[in-house]
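First comes the structure, then the notes that go with it.
The values are calculated or read from the model by the stated rules, or taken from the named source; none is laboratory data. Source: prediction; values computed, not measured. As a convention, Cβ positions derive from the backbone with ideal geometry for all residues, glycine included, and neighbour counts pool all protein chains shown. Side chains included, ligands, DNA and RNA excluded: accessible areas come from the protein's heavy atoms. Shrake-Rupley method; radii C 1.70, N 1.55, O 1.52, S 1.80 Å.
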Amino acid sequence: MTADARPAAPALTERQEARRRRILHACAQLAGRGGFEAVQMREVAEAAGVALGTLYRYFPSKIHLLVATMQDQLQQLHTTLRDHPPAGDDAAGRVAGTLMRAFRALQREPHLAEAMVRALTFADRGVSAEVDAVSRLTTAIILDATGLEHPTPEQLSAVRVIEHTWHSALITWLSGRASIARVKTDIETACRLIDLTPADRSA
């Protein structure tokens, strides 16, 4: 069964949602201090004040947990950006500014960034729902920055290329193979695709 064909998970109760948030917070704290290796399920359970079995019911593996943590971090960024949208006259500039804002947030927590990106890289088909959620959020953040209400297929393709470039830039920066200046240049270059793609004249 594909991720799209799976039945929707039942909505969490207020108490369950609070427990889930404690787990994600504990994971982010541990990862922020020691990166990927510091996130051990038993330590996360203890820090969150839940039983180990309960933790596994929410997140079947460390990879599930870290990808969900990245989703949570992106959701917080998305909320902040909607409250304080990027300024600028052209879509490319707004998107580049938005992604660099996200990059700087990750730069402040390099161990956490390393853990989340590493988990995203290691994720297999069993984590497809969580990976898809991260991708959808990244796409939504980019589209919000463009200001496009009715993006064309070409513009959506450009958004995907920008998303891939941003992800690749994160990996090369975390591995020490790219400077922040190069990351900025690569992201700005990819974002110019938005202004080069044709608009939907029928909208």
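For the reader, a short list of remarks on this structure follows.
- The residues of the chain expose, per residue, 55 Å² of accessible area to a 1.4 Å probe.
- In this label model, Ser128 and His78 are separated by 2.0 nm, measuring between points 7 Å along each Cα→Cβ vector.
- Fraction of accessible area attributable to carbon and sulfur, region 41-82 (%, probe 1.4 Å): 49 percent
- Overall form of region 106-155 per C-alpha gyration tensor (a/c, 1.5; a/b vs b/c): oblate
- Modelled label positions at Glu14 and Thr152, each set 7 Å beyond Cα in the direction of Cβ, lie 4.9 nm from each other.
- Whole-angstrom gap from region 75-96 to region 34-67, using each part's C-alpha centre: 32 Å
- Carbon/sulfur fraction of accessible area - region 121-182, other protein chains in place, 1.4 Å, %: 55 percent
- Across every direction, the projection of the convex hull enclosing the Cα atoms of the chain has a mean area of 12.7 nm².
- Here the peptides 165-173, 178-186 are ranked by packing, the mean other Cβ count within 10 Å, and the order with the highest first is 165-173, 178-186.
- Comparing Ser175, Ser128, Ser157 in a Gaussian network model of the chain (Cα springs below 10 Å), the most mobile by mean-square fluctuation is Ser175.
- Here is what passes the span test in the chain: the DSSP H helices with alpha carbon length of 20 Å or more along the helix axis and a Kyte-Doolittle mean of -0.5 or above are 62-83, 91-107, 128-146, 153-174, 180-196.
- Counting Lys and Arg as +1 and Asp and Glu as -1 over every other residue whose Cβ lies under 11 Å from the Cβ of His111, the net charge comes to 0.
- Cα gyration tensor, region 30-74 - rounded (a/c under 1.5), prolate or oblate: oblate
- Spacing of the two label points (7 Å from each Cα toward its C-beta) at Glu43 and Ser61, in nm: 2.0 nm
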